[in-house]
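What follows is a single structure, written as structure tokens, with notes after it.
The values are calculated or read from the model by the stated rules, or taken from the named source; none is laboratory data. Worth saying up front: this structure is predicted, and the values here are computed from it rather than measured. Cβ placement follows ideal geometry from the backbone for every residue including glycine, while neighbour counts extend to all protein chains displayed.
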Amino acid sequence: MSNASSGLRSNAIDPFSVRPLPVTTALTAPYDKWIRLTDSMTHALGEAFGELPRVSPGHEGPSRLAPWEQRLLGLKDSRCYAREVVLTVAGRPVLSARTVSRLDDPALEVIRRLGSRPLAQLLFEDPAWVRGTAPVPLIELATRRIGRVCLWQSLGRQGQAGRGSRILVSEFFERRI
């Protein structure tokens, strides 16, 4: 996600150039700890760098799902809502993230209001949200960036906002951590 106005230098995530990897490989080995992480990536990056990353919003709005994203979300329609951000530490990009969901997902009410706050504020502070899949390693073919993807779902009580929500979170490392 190129963010020229803030001087950030990172590439937008091209989901059509991304491939899930069935297992970790020599390419993903330096990132295995991060790919398998089950806690908040934002918090873990903060611990690793000694300061919490800053969230810089990029594209947010209607988008298209790549076929692999459609499969993981269980959707037939390729139209979606996407939120893309770059996490920076000391002004340097360390992670690019893309969160996608169906256009009418109840979670969008909260996601649209996140702004420069991390998605972790929704996923790790609301006990209704659980991982629907273990993290899966990813490679972006054009840039050779390594990342991971995980499906999240809301198990909120009947009638509660967000019940039945499913979001897919892809994260790509901008440099070795």
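Quick rundown of the values:
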quantity	calculated
Residues located in the stretch 115-156, provided they are more than 12 Å from residue 171 (Cβ to Cβ), among the charged types (D, E, K, R) and in contact (Cβ under 8 Å) with a residue 60 or more places away in the chain	117, 131, 144
Filter result for residue 45 (closer than 20 Å to residue 177 by Cβ, touching a residue at least 60 places away in the same chain (Cβ under 8 Å), part of a helix (DSSP H, G or I) and not acidic (Asp, Glu))	yes
Search result, residues across the stretch 1-38 that are part of a loop (DSSP other than H, G, I, E, B) and either among the polar types (S, T, N, Q) or at pLDDT 90 or above (or both)	2, 10, 11, 13, 14, 21, 24, 25, 28, 36, 37, 38
Among the candidates 69, 109, residue that is in contact (Cβ under 8 Å) with a residue 24 or more places away in the chain, over 20 Å from residue 42 (Cα atoms) and touching a Pro at 6+ places or on another chain (Cβ under 7 Å)	69
Residue list for the stretch 57-103, restricted to those being small (Gly, Ala, Ser), more than 21 Å from residue 153 (Cβ to Cβ) and within 13 Å of the chain's Cα centre (by Cα)	58, 96
Lone qualifier among 99, 38 - being more than 16 Å from residue 175 (Cβ to Cβ), surrounded by fewer than 17 Cβ atoms within 10 Å (Cβ to Cβ) and not hydrophobic (A, V, I, L, M, F, W, C)	38
Of the criteria (1) out of contact with any helix residue (DSSP H, G or I) (no Cβ under 8 Å at 6 or more places or on another chain); (2) within 20 Å of residue 118 (Cα to Cα), which one residue 52 fails	(1)
Strands (runs of 3 or more DSSP E) (entirely within the stretch 106-177) containing at least 2 residues that are buried (at least 20 other Cβ atoms within 10 Å of the Cβ)	136-140, 145-154, 166-173
Scope the stretch 72-90; condition more than 16 Å from residue 115 (Cα to Cα) and either without any contact (Cβ under 8 Å) to a residue 24 or more places away in the chain or in a strand (DSSP E or B) (or both); matching residues	76, 78, 79, 80, 89
Residues of the stretch 48-71 satisfying the condition of being surrounded by fewer than 12 Cβ atoms within 10 Å (Cβ to Cβ), of a type in the set (Gly, Ala, Ser) and assigned to a strand (DSSP E or B)	61
